[in-house]
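J.: Following this message is one structure expressed as structure tokens.
The values are calculated or read from the model by the stated rules, or taken from the named source; none is laboratory data. This is a predicted model, so every value here is computed, not measured. Here the Cβ is made from the backbone with ideal geometry for all residues, glycine too, and neighbour counts use every protein chain on show.
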Amino acid sequence: MEPDWPSQSASKALLKVEADKLEACLPKLHGHYFFQYSALNVPILRASTLQHSFYTGKDVGEGQLDMDFQLLPFRDNSLDCILAHHVLDYDTSPHQCLREAARVVVPNGYLVLVGFNPWSALGMSRMMPKSLLPSKGRYLSLRRVQDWLALLGFRVEQVETCQFLPPSILKRFPGFSVKFDALLDYIGLPFGGVNIIVARKLVAGRTPIRPQWRALAGRAVSVNHTASTRTVTRRDGRVSNR
């Protein structure tokens, strides 16, 4: 991946669209810890309502930490919200990265994923000699990521898409591109260049403790289902069977 890609003018315009979309669609967060990490070494979200926010990149850069995205240095159920910015696009093991992110999110916490849509004009540009995207990416379909999230115990709360036009048009005609984006987003077309998934970690239901029944001591008694007999004592003292 080209280290200078985020510094290009068209790339900056695209990243700004992502940041604006994130700020518009993220739910109001409550809690203590917000963690964002980016494969593009860009702190995409500028502010958070959580008390403590921190960021890391893949190769130090602007990040406060440098870590392996496949092995996050946090204990289980410790972070209220995680924002993974194009991590699944550019890591060698995206499923393991997602599993690690799911592990450290608290129950009812949020996991936000930002990724390029391979079935968009922006995603298809990777097949051109001069791609508009960083090279060496393995872009995942929306359905596949949603299936992974479901297996990991997450419910997808929201899916947003943005940047239907190539970043080059966004760079030259920003006003037209933003309005065109808003129109297609309102229509609900799924062909935006960037997918944003907001998922929530489900709380595992409690398994009721069933009483342990024990067999009573004694001999089993057979029951005759064909006929039944009962003894009745009459008023005159005689006994009869029915």
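J.: What helices (runs of 4 or more DSSP H) lie completely within the stretch 6-111 and have 2 or more residues being of a type in the set (S, T, N, Q)?
T.: 9-25
J.: If I ask for residues that are at positive phi and within 19 Å of the chain's Cα centre (by Cα), which ones from the stretch 19-56 would you list?
T.: As a first pass, look at the stretch 19-56 and keep what is at positive phi: 31, 41.
Once the filter is applied, which keeps residues that are at positive phi and within 19 Å of the chain's Cα centre (by Cα), the stretch 19-56 yields only 31.
J.: Is it true that residue 101 is of a type in the set (Gly, Ala, Ser) and modelled with pLDDT of 95 or more?
T.: In short, yes.
J.: Restricting attention to the stretch 160-177, report how many residues are touching a residue at least 12 places away in the same chain (Cβ under 8 Å) and crowded, with 16+ Cβ neighbours inside 10 Å.
T.: Residues meeting the conditions: 11.
J.: Sticking with this one: Pairs under 9 Å by beta carbon, first residue within 14 Å of residue 163 (Cβ to Cβ) in the stretch 13-41, partner hydroxyl-bearing (Ser, Thr, Tyr) and surrounded by 14 or more Cβ atoms within 10 Å (Cβ to Cβ), six or more apart or different chains?
T.: If the second residue must be hydroxyl-bearing (Ser, Thr, Tyr) and surrounded by 14 or more Cβ atoms within 10 Å (Cβ to Cβ), the pairs left are 13/177; 17/177; 21/161.
J.: Determine which member of the set 134, 190 is closer than 18 Å to residue 5 by Cα, in a loop (DSSP other than H, G, I, E, B) and modelled with pLDDT under 85.
T.: Matching residue, one of 134, 190: 134.
J.: With the condition kept exactly as written, say whether any residue in the stretch 137-148 is touching a strand residue (DSSP E or B) at 6+ places or on another chain (Cβ under 6 Å), within 27 Å of residue 30 (Cα to Cα), modelled with pLDDT of 95 or more and not in a strand (DSSP E or B).
T.: Checked the stretch 137-148: at least one residue is touching a strand residue (DSSP E or B) at 6+ places or on another chain (Cβ under 6 Å), within 27 Å of residue 30 (Cα to Cα), modelled with pLDDT of 95 or more and not in a strand (DSSP E or B).
J.: I'd like to verify a number: residues in the stretch 193-223 that are at pLDDT 85 or above and either over 28 Å from the mean Cα position of the chain (by Cα) or assigned to a helix (DSSP H, G or I) (or both), how many?
T.: So the count comes out to 0.
J.: Let me ask another. Could you list, ordered by first residue, the pairs with Cβ atoms under 6 Å in which the first is in the stretch 59-78 and among the small types (Gly, Ala, Ser) and surrounded by 11 or more Cβ atoms within 10 Å (Cβ to Cβ) and the second is modelled with pLDDT under 90 and assigned to a loop (DSSP other than H, G, I, E, B), at least 6 apart or interchain?
T.: Note: pairs meeting the criteria are 61/41.
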